[in-house]
Amino acid sequence: MKKTKLFNVHKKLGAKIIEFAGFEMPVQYSSIIAEHKAVRNSVGVFDVSHMGEVFVSGEKALDFVQEITINDALKLFPGRVQYSAMCYPDGGIVDDLLVYRLDDKEFMLVINASNIDKDLQWMYDNNIVGAKIENFSDEYSLLAVQGPNSKKVLQKITGIDLGKLEYYHFAAAKVAGIDLVLSRTGYTGEPGYELYFKGDGKQAEELWDKIFEAGKEFNILPVGLAARDSLRLEMGFCLYGNDIDQTTNPLEAGLGWITKLNKENFIGKETLLKIKSGGVKRRLSGLISAEKIFPRHGYGISRNGKKIGNVTSGTVSPVLEKPIAMGYLETVYSSPGTEVEIIIRGKNVPAQVVKLPFIGK
């Protein structure tokens, strides 16, 4: 298995290490709830260096990105980021990703760690315009500094005015003396930043230490994959492999807002137009329960004895202190307020359909 350049740091901090997407990754350091609340209330740091970074360049770079992604990359300018997805011709999702426009002829595509090989092959197979595709995933490290105090922490160790860096924008910057791409993005629902940088383990550890030194007054904490999952779930954000995959399309997954059906042709457009015209048959919906349960991926969802869907992601919300879940429901049952049951080991547990996100931001 692979290790990030900060693996030794995680071990020294006593992190519980698990295998994830071919990497040995920290799932938690102290407690999941403490780490989750640190991000919601102050600031936390994630090592997400397992994510993939693919660079697309050349005269036809924009044409290629337009062809393989469902959002409209024409709206991007250098310094701007876009959330998007790639689809198969049948509308199923290859992956969700971030698209960074570095300059007029170069983009960085940030993809999910578990999909790097598959995504790259998909890009190669569909590169009919001859764009240059380079995989630099193993060369880049990525730290996510997230939470209400993230700006105060990073402002101490960078000369760039973070107050001028808008949401879903990025800039080249020095942070703690290290050259990197500083991005006003994240997947927690809180204000935050993502730091992409090359360098060896020594540089990675220096940056990590400087961030924690700057964040000491804010009780900064390292945060593992478990709290990363509960944070994104409270916000109703999709996780590839759980909530979206080859068997789901972006319209039923609540990603219609990034599906630009009015742009020129892209892979999957014809199918998605037909799906929209006919109406989606199911919707990814939020569920909440007052019972003491832990909803898990794969649990069935029923109403009046009829199975109407399945849970795709679930946890006990550290903020709401209630079980929450997402799952696909037949469209007729997906309206907020609908009473349903989650099927847990043969028992039907009452739950209610709610509007996403679970918490307001």
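We did not get these values from a lab; they are worked out from the coordinates using the rules stated. Remember, it's a predicted structure, so these values are computed and weren't measured experimentally. With ideal geometry, Cβ positions are generated from the backbone for all residues, glycine too; neighbour counts draw on all protein chains shown.
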**For the range 1-146: Kirkwood Rh in Å [reciprocal of mean 1/r, alpha carbons]** = 16.7 Å
**Fill in**
Here the net charge surrounding ASP243, from other residues whose Cβ is less than 15 Å away from its Cβ (Lys, Arg +1; Asp, Glu -1), is -1
**Request:** For the chain, with a Gaussian network of springs between Cα atoms less than 10 Å apart, report the residue from GLY14, GLY300, GLY192 with the top mean-square fluctuation.
**Result:** GLY14
**Item:** Cβ charges +1 (Lys, Arg) and -1 (Asp, Glu), total dipole of the range 218-361, debye
**Value:** 220 debye
**Complete:** Kirkwood calc, the range 66-221, C-alpha pairs only, radius in angstrom 16.8 Å
**Request:** With θ set to phi - 60°, apply the Karplus curve 6.51 cos²θ - 1.76 cosθ + 1.60 along the range 320-329 and write out the HN-Hα couplings as whole Hz, x wherever there is a Gly or Pro.
**Result:** 7, 6, 9, x, 10, 7, 10, x, 8, 10
**Three semi-axes of the equivalent ellipsoid, the range 236-354, Cα gyration tensor, whole Å, largest first** = 28, 15, 12
**Asked** Tell me, what is a quarter of the convex hull surface for the C-alpha atoms of the range 52-135, in nm² with one decimal?
**Response** 4.7 nm²
**Request:** With only Lys, Arg, Asp and Glu charged, each at its Cβ (+1 for the first two, -1 for the last two), find how big the charge dipole of the chain is about the Cα centre; round to the nearest 20 debye.
**Result:** 1180 debye
**Prompt:** What FRET efficiency comes out for the pair THR331/ARG296, r = Cβ-Cβ distance, R0 = 30 Å, nearest 0.05?
**Reply:** 0.80
**Request:** Put one equal scatterer on each alpha carbon of the chain, apply the Debye formula with no solvent term, and list log10 I(q)/I(0) at q = 0.11, 0.12, 0.15 1/Å to two decimals.
**Result:** -0.78, -0.93, -1.38
**Prompt:** Convex hull over the alpha-carbon atoms of the range 317-361: what's its volume per residue in Å³?
**Reply:** 92 Å³
**Asked** Just how large is the dipole of the range 52-135 about the Cα centre, in debye to the nearest 20, putting +1 at every Lys and Arg Cβ and -1 at every Asp and Glu Cβ?
**Response** 200 debye
**Prompt:** Using θ = phi - 60° and the Karplus form 6.51 cos²θ - 1.76 cosθ + 1.60, what ³J(HN,Hα) does each residue of the range 310-319 get, whole Hz, x for Gly and Pro?
**Reply:** 9, 6, 9, 9, x, 6, 9, 5, x, 7
**Request:** Report the one residue of LEU225, LEU320, GLY298 whose Cα lies farthest in the direction of the positive end of the charge dipole of the chain (charges on C-beta: Lys and Arg +1, Asp and Glu -1; origin at the Cα centre).
**Result:** LEU320
**Request:** Tell me which residues come under 5 Å, amide H to amide H, from THR4 once H is placed; ignore anything under 5 positions away on its chain.
**Result:** GLU24
**Distant-in-sequence amide H partners of GLN246 (H built 1.01 Å from N, under 5 Å)** = ILE93
**Prompt:** Regarding the range 133-287, what whole-number volume in Å³ per residue does the convex hull of its Cα atoms give?
**Reply:** 160 Å³
**Request:** Just add up the charged neighbours of TYR333: K/R +1, D/E -1, any other residue whose Cβ is under 10 Å from the Cβ of TYR333.
**Result:** +2
